[in-house]
Amino acid sequence: MKVSAIELHRVALPLVRPFETSFGRQVARDVLLVRVRSNVGDGWGECVAMADPVYSSEYVEGCEAVIRDYLAPALLAAGDVTAKSVAGLLRFVIGHRMAKAAVETAVLDAQLRSEGVSFGQYFGAVNEAVDCGVSVGISDSIDELLDEVQLYVDAGYRRIKLKIKPGWDLEPVRAVRELIGETLLQVDANTAYTEADIEHLGRLDDFGLLLIEQPFVEDDIATHVTLANAIATPVCLDESILNAEVAIDAIQRGATSIVNIKAGCVGGYLEAVRIHDVCAELGVPVWCGGMLETGIGRAANVALAAMENFTLPGDTSASDRYFAEDLTEPFVLVDGRLSVPTGPGSGVEVREDLVAALSSRRVLTLR
Ligand code: SMG
Ligand code: MG
């Protein structure tokens, strides 16, 4: 295809309830959407960057700048483009994986819509629906946490993930374990701990957790190895997984025995499929992470999560867990699962009227 224009949309989308993690409390998403216009049709991609650089070095304004000043001009100057050629075209820019992922996904969506192929078919999905988990933020009290968890259990979620940080770990986990019985339970620290906490984290072994996600900073593989050797709970990397090569290295060093794959963080769905494949070869199960995506990003995540080695429930929750109104038709939980869209490309339609109504500034069109 030949890309003729790239539009950058910014949407202010309130969350139905605040989401607190070890790095802060979020009440809304500041969503950057990329629409690629081409001779074969249009495609959309959602950037997963948060408003501030507190989860990752990337953040919305930075992503917008790098797309506007570097990625979009490179794509517009290229001749014939396919989703497979995008990563190579953009390789001259170091890092900026969230920005690159949004651009590549928009190209992939346009390409597959024109070919009549769904994301699921393209990725090699083997399931028609995926098991869903839900990520539960840090609460003001254990009672409030239990109320929220109960809502999700009642809604049918197949796995609960609790956000933890020093001072909010053993007691909430103990209380939730008592509440939910055998239901699958895991925790996510978002890098809030240090090597000095290893003995303390070992106490989580009492609660039969599926895994502990990313206790230490993203560039510290070594301390994750030490922890994995010290505790029974499996260690799972998220922020550290930058690409397939890092995943292989971390697995071979014994830092992670389960991998959280976030396509929006590793440069796109093609890289996410590569990570899935190398993990499968190494016998390491994976699950699909989430970045509070709207239906646009969720559609692609659900298709990815339908691949064979995604054997654990993902952070692929229903639209109503995040937003009063989604930017696409809503994703609805049925028996703890979401259906994989079957239509061409992402298989969902962007509600352009809503995108325009919630827009926080004028659309930027690059040609
Ligand atoms: O999309 O349901 C979701 C959120 C899942 O907890 C989630 N994501 O580190 O795994 C993670 C976090 C990153 C985003 S927190 C704002
Ligand atoms: Mg995480």
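The values are calculated or read from the model by the stated rules, or taken from the named source; none is laboratory data. Predicted model, so just to flag it, every value in this text is computed and none were measured. All Cβ positions, glycine included, derive from the backbone under ideal geometry; neighbour counts span all protein chains shown. Remember, those area values only see protein heavy atoms, side chains included, never the ligands or the DNA or RNA. Shrake-Rupley method; radii C 1.70, N 1.55, O 1.52, S 1.80 Å.
Contact order for the chain, expressed relative to its length and based on alpha carbon pairs under 8 Å spaced 6+ residues apart, stands at 22 percent. Sorted largest first by accessible area at a 1.4 angstrom probe radius, with every protein chain in place, the residues GLU218, GLU308 fall in the order GLU308, GLU218. With a simple spin-label model that places each label point 7 Å from the Cα along the Cα-to-Cβ direction, the separation between PHE207 and VAL27 comes to 2.8 nm.
Against the chain, whose longest principal axis comes from its Cα atoms, helix 221-230 is set at around 30 degrees. Compactness of the range 3-96 is given as radius of gyration and Dmax, 15.1, 45 Å, from Cα positions. Extending 7 Å from Cα along the Cβ direction at ARG361 and again at ILE248 yields two label points whose distance is 4.1 nm. Of the residues VAL284, VAL16, ranked by 1.4 Å probe accessible area with the largest first, the sequence reads VAL16, VAL284. State whether the range 52-189 is rounded, prolate or oblate according to the following rule on the C-alpha gyration tensor (a ≥ b ≥ c being the square roots of its eigenvalues): a/c under 1.5 gives rounded; otherwise a/b larger than b/c gives prolate, and the remaining case gives oblate. Taking the square roots of the gyration eigenvalues as a ≥ b ≥ c, the range 52-189 is oblate. Rolling a 1.4 Å probe across all protein chains gives TRP44 an accessible area of roughly 20 Å².
HIS96 contributes an accessible area of around 70 Å² to the protein surface, as traced by a 1.4 Å probe with all chains present. Expressed to the nearest 5 percent, the antiparallel share of DSSP beta bridges inside the chain is 60 percent. Per atom type, the range 2-132 shows carbon and sulfur on 52% of its accessible surface, probed at 1.4 Å.
With coordinates expressed along the principal axes, the C-alpha atoms belonging to the range 217-305 extend over 40, 25, 21 Å, beginning with the largest. The Rg/Rh ratio for the range 140-272, using Cα coordinates for both the radius of gyration and the Kirkwood hydrodynamic radius, is 0.98. In terms of the mean number of neighbouring beta-carbon atoms within 10 Å, the peptides 112-123, 264-275 order highest first as 264-275, 112-123.
A helix-only calculation puts the chain at -9500 deg cm²/dmol for mean residue ellipticity at 222 nm, using -39500 (n - 2.57) for each DSSP H run of at least four residues, averaged over all residues. Computed across the range 197-348, the Kirkwood hydrodynamic radius from all distinct Cα-Cα pairs reaches 16.2 Å.
Given a 1.4 angstrom probe, what's the average accessible area per residue across the chain, in square angstrom?
Result: 39 Å² per residue.
Only protein heavy atoms count here; under a 1.4 Å probe, PHE92 has an accessible surface of about 120 Å². Axis angle, to the nearest 10 degrees, between helix 142-155 and the longest C-alpha principal axis of the chain: 60 degrees.
Modelled this way, with points 7 Å down the Cα-to-C-beta line, the labels at LEU170 and GLU329 are 5.0 nm from one another.
State the percent of C-alpha pairs, over all pairs in the range 265-367, separated by a distance greater than 21 angstrom.
I get 41 percent for the Cα pairs in the range 265-367 exceeding 21 Å.
Mean projection of the Cα convex hull over all viewing directions, computed for the chain: 16.2 nm².
For LYS2, the lysines whose Cα falls under 16 Å of its own Cα, not counting residues fewer than eight places away in the same chain, are LYS84.
Within the straight-line cut-off of under 12 Å between alpha carbons, the aspartates and glutamates reachable from LYS262 are ASP238, GLU239, GLU271, GLU293, ASP315, sequence neighbours fewer than 8 places apart in one chain being disregarded.
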